[in-house]
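First comes the structure, then the notes that go with it.
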Amino acid sequence: MRPEFHLTLPVEDGASVFPALPGFVTDVRPGAAGPYERLARIGRAAELAGMGGVLAPFDPAGQDSLIVAGGLLRGSRHMRVAAEFHAGIATPVYAAKLSASLQRFSGDRLDWRLAVDLDPRVARSQGDFVEGAERYARAEEFLTVARGVWHEEDYGFAGRFYEVLGGGLLFPLSGRAFPRVQLSGTSADAMALSARHADLHVFGPEDDLDAAIAELGALAAQMGRSPAYGLRLPLLAREDDDEARRDALRLWLLRSGARETFPEPERATRLWHGFGRPGLVGSYENVAAAIRGYLDRGVSAFFLEVEPHLEETYRLGEHLLPLLAKEIHNAG
Amino acid sequence: MPVDFYWRMAMEGDQPSLRRKGIVSRGGFTPGAVGGLAPGLRNGKLDGYSHVDYLAEVAKATEASGFVGALLPSFPHTDDPWAAAAALARETSTYRFMIAFQPGFLHPVQAARMTASLQLATGGRTVYNVISGGGGPQQLWWGDKVEHDDRYVRTSEFLDVLRGVWYATDHSYDHEGRFYRVRGGGLPPALAGQPFPEVFFTGSSKAAIAAAGRHADYYLSWLEPLSSLTAKFEQVREHSAGIGRSPRFAVRLDVLARETEEEAWQEVERGWVRPGPAATPAYVGLGDSVGWQRGQDLGSGGNGSRGGYRALEISPNVWGGFHVLRAGPAFGLVGDYRQVAARLDELIALGAEAFVLGGVPHLEEAYRVGAHVLPLLRGAAVR
Ligand SMILES: Cc1cc2nc3c(=O)[nH]c(=O)nc-3n(C[C@H](O)[C@H](O)[C@H](O)COP(=O)(O)O)c2cc1C
């Protein structure tokens, strides 16, 4: 499977990116010169760097992923844009309708990342009081109804969460590709939902990858489906291991870690545990080799987490992705 | 008193003219239409453009022609206004996106988040057209079973929650209502502190006017004959005054303006006599919308075949047959540039402080109205 590299966007970059100028300095920037403008530049960086896509995460502290996706799709030609949201934001009919327009506008480049497990406190702050296993039941209905109105005429559905009568997108909103569905999680509920609905299931490097991929693969096969597998992956790559380590240390100190507690990158796996979750640190060659390792284990999509986003994205495009050119361009 | 002129964004695609009723050639809405644009054909293949590329042109034409922005309607057969606004935010600089949406399809917290993100993207150019739905099969298509008057109760609660979340700091907003619950809500610092969009509220029923009283910055009505519009505004004024509010008034109408009156009516006639069904989808009339019914009762109610088009000129230049020639409400103005400007001045004198004008095709007509009609306006001075 052709490997895909996606950039995870900083939807919560804060207004601090563009500090206000002192009052006596003429500032003709419209209000638009803020965090959204910054995101647009980062999106262009991913496109120009030849990445396969970007992910706008659901972040209660950040900008809305669907609005961000709408702008970034318009500002790009090739890359996919994934918007992460939870099922409480809208009815599945409305989510489908809005997404059909995004598909029309972008030539079918939208992905959905459905966030199912939410911290109950966060969920309630979003007006969403559905909890526990119920969240999976709702996600199931949400995706079923969304696909139903997408693909069928005169669609009807009466479930526990949603009801539709005589539904179904009309031409020309109909007939586009349904957004590629990304899901995540390792619980039994998550696996069962993915077996039925995921086009791409995203794990973390902390997960027991081989076991999880085997489990989901078997479940999905029973439904005659075969999702692709993705990996969230923080990453710091430099010209050599020493430089990578130096910058990892700088990052560690910046995030108020102490010099004495700096976790050394693991030599065998190139994994570093200082990002907050495990990620890769090392020379371009070594990081590329580690990525090849994941490819061999069945992972084909990488949701890279880098910082600062713009600069690191150009770096990846110029130094890391070329080392994987053979895999990217020759895969079947 | 400044008057804001909005134009309309044809989210349903655009016809080449009113002469070609029901032929939506722009935006990919008519399968296999010869002469279709965005997408069009190049060497026998789709050229890769899409509706949004045309919408971008209309938005720029609108901006250049003196309009403050446009209304982006939302129906089952249209593209979505949030999607279009997100796509075009950075391709425009002064254009305000008046987004039509129905509470009930979006959660108010999500509406707050999307709006605030759009405010960041546009530098505060988002405006709301709060619609409460026309009922009937269309409402069930959307997956919404709530009855007419209850929809306005929901709209009211929706706007309360939306404002509550918008202005809350420190996750301090709690709400327990009939339609919505929120605990510890509020916009995060990255989104907070931006202007709340102006609210253009629509609905002609009692329930609508009651809800409008609490929430409307502008009460937006379709054009009706001036006497009935005057009465409607009076009703809204009275109700609002009763609760200590005074919304401004806005009118949505199409204009067909030409150098001479004769030329304008010829344009109508050419569309009128051309065979073909009315351009407005049948389901639009099947609901519980009081406002739509008013338009039908006052205008023709029928299709082009019955009676002469000129019989629908209810008062000078006020014509009630537009829905036959293009999708949308019945009433608009037909006349020469001066006449149309004079009628708009009368509406201003009647109390209108904002307009949503429209014309087909939206691109060329935006330029025309900007160049030939808006400059002739005199405002309340005509009184
Ligand atoms: C100016 C104006 C614009 C409207 N735009 C829309 C729209 O975009 N989508 C929609 O479904 N209904 C739209 N409506 C219709 C409303 O949803 C509603 O059906 C109408 O206001 C009737 O409500 P009433 O029964 O209270 O009169 C619009 C109404 C008006 C007056």
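See the values below:
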{"item": "Averaged over B:170-177, number of beta-carbon atoms from partner chains that fall within 10 Å", "result": "1"}
{"item": "For region A:147-189: rounded, prolate or oblate by the Cα gyration tensor [a/c cutoff 1.5]", "result": "oblate"}
{"item": "Kirkwood-type radius of region A:292-332, with distances r between different C-alpha atoms, in Å", "result": "11.4 Å"}
{"item": "Relative contact order [Cα under 8 Å, 6+ residues apart], region B:2-382, whole percent", "result": "20 percent"}
{"item": "Surface accessible to a 1.4 Å probe, A:Asp242 within the full protein complex, Å²", "result": "120 Å²"}
{"item": "Förster radius 22 Å - calculated FRET efficiency between B:Arg368 and B:Val273, Cβ distance, rounded to 0.05", "result": "0.40"}
{"item": "Among beta bridges that DSSP assigns inside chain B, antiparallel share in %, nearest 5", "result": "20 percent"}
{"item": "Solvent-accessible area of A:Leu48 with every protein chain in place, 1.4 Å probe, in Å² to the nearest 10", "result": "110 Å²"}
{"item": "Sequence of B:Thr94, A:Thr26 when ordered by accessible area, the most exposed leading, probe 1.4 angstrom", "result": "A:Thr26, B:Thr94"}
{"item": "Helical segments meeting 24 Å axial Cα length and Kyte-Doolittle -1.0 threshold in chain A (DSSP H)", "result": "A:133-151"}
{"item": "At q = 0.13, 0.16, 0.18 Å⁻¹, base-10 log of I(q)/I(0) for region B:128-272 (Debye sum, equal scatterers on each alpha carbon)", "result": "-0.75, -0.98, -1.12"}
{"item": "Per residue, in Å², the accessible surface of region B:2-382 once ligands and nucleic acids are set aside, probe 1.4 Å", "result": "36 Å²"}
{"item": "Kirkwood hydrodynamic radius of region A:241-294, Cα pairs, Å", "result": "11.3 Å"}
{"item": "FRET efficiency, 1/(1 + (r/R0)^6) with R0 51 Å, evaluated for B:Arg181 and A:Arg267 via beta carbons", "result": "0.45"}
{"item": "Size-normalised alpha-carbon gyration radius of region B:138-187, reference 2.2 N^0.38 Å", "result": "1.33"}
{"item": "FRET E, pair A:Leu21, B:Leu376, Förster distance 56 Å, beta-carbon r, rounded to 0.05", "result": "0.85"}
{"item": "Carbon + sulfur, % of accessible area of the protein assembly as shown - ligands and nucleic acids excluded, 1.4 Å", "result": "52 percent"}
{"item": "Average other protein chain Cβ within 10 Å of Cβ, residues A:165-171", "result": "5"}
{"item": "Separation of the B:Ser172 and B:Ala311 label points, Cα + 7 Å toward Cβ, nm", "result": "6.4 nm"}
{"item": "Exposure ranking of A:Val306, A:Val130 by accessible area [1.4 Å probe, largest first]", "result": "A:Val130, A:Val306"}
{"item": "Residues with amide H under 5 Å from that of B:Ser221, placed H, sequence gap 5 or more", "result": "B:Ala250, B:Val251, B:Arg252"}
{"item": "Cross-link reach list, aspartates and glutamates versus B:Lys145, counting only Cα pairs under 13 Å and skipping chain neighbours closer than eight places", "result": "A:Glu163, B:Asp288"}
{"item": "Dimensionless Rg over Rh [region A:182-332; C-alpha; Kirkwood]", "result": "1.01"}
{"item": "Calculated Rg and Dmax of region A:95-205 using C-alpha coordinates, Å", "result": "14.7, 44"}
{"item": "Share of pairwise Cα separations in region A:149-217, more than 14 Å, in percent", "result": "68 percent"}
{"item": "B:Glu91 accessible area, assembled protein chains, probe 1.4 Å, Å²", "result": "60 Å²"}
{"item": "Number of partner chain Cβ atoms within 10 Å, mean per residue of B:69-82", "result": "4"}
{"item": "Kirkwood Rh (inverse of mean 1/r, distinct Cα pairs), region B:1-148, angstrom", "result": "16.7 Å"}
{"item": "Per-residue [θ]222 nm for chain A (sum of -39500 (n - 2.57) over DSSP H runs n ≥ 4, rounded to 500)", "result": "-12000 deg cm²/dmol"}
{"item": "Separation of the B:Glu259 and A:Glu318 label points, Cα + 7 Å toward Cβ, nm", "result": "5.9 nm"}
{"item": "Relative contact order (percent, whole number), chain A, Cα cutoff 8 Å, 6+ residue spacing", "result": "19 percent"}
{"item": "Rg and Dmax of region B:2-382, Cα atoms only, in Å", "result": "20.5, 64"}
{"item": "Scaled radius of gyration (Cα, divided by 2.2 N^0.38 Å) that chain A gives", "result": "1.04"}
{"item": "In the B-A interface, the accessible area buried, summed over both sides, Å² (probe 1.4 Å)", "result": "4400 Å²"}
{"item": "Cross-link reach list, lysines versus B:Lys206, counting only Cα pairs under 18 Å and skipping chain neighbours closer than eight places", "result": "B:Lys232"}
{"item": "Hull shadow area, averaged, the protein assembly as shown [alpha-carbon convex hull, nm²]", "result": "33.4 nm²"}
{"item": "Spin-label pair A:Val28/B:Ser228, simplified geometry with 7 Å Cα→Cβ offset, distance in nm", "result": "5.1 nm"}
{"item": "0 to 90° range, to nearest 10: angle between helix B:148-167 axis and chain B longest Cα axis", "result": "60 degrees"}
{"item": "Mean Cβ count within 10 Å, highest first, over the residues of peptides A:89-99, B:215-225", "result": "A:89-99, B:215-225"}
{"item": "Ordering of B:58-69, B:38-49, A:250-261, B:333-344 by burial proxy (mean other Cβ atoms within 10 Å per residue, highest first)", "result": "B:333-344, B:58-69, B:38-49, A:250-261"}
{"item": "Average accessible surface area per residue within chain A, 1.4 Å rolling probe, Å²", "result": "41 Å²"}
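The values are calculated or read from the model by the stated rules, or taken from the named source; none is laboratory data. Just so it is clear, the structure is predicted and the values come from calculations on it, not from any experiment. Heads up, the Cβs are rebuilt from the backbone with ideal geometry, glycines too, and the neighbour counts pull from every protein chain shown. What goes into the accessible areas is simple: the full protein's heavy atoms, side chains included, and nothing from ligands, DNA or RNA. Shrake-Rupley method; radii C 1.70, N 1.55, O 1.52, S 1.80 Å.
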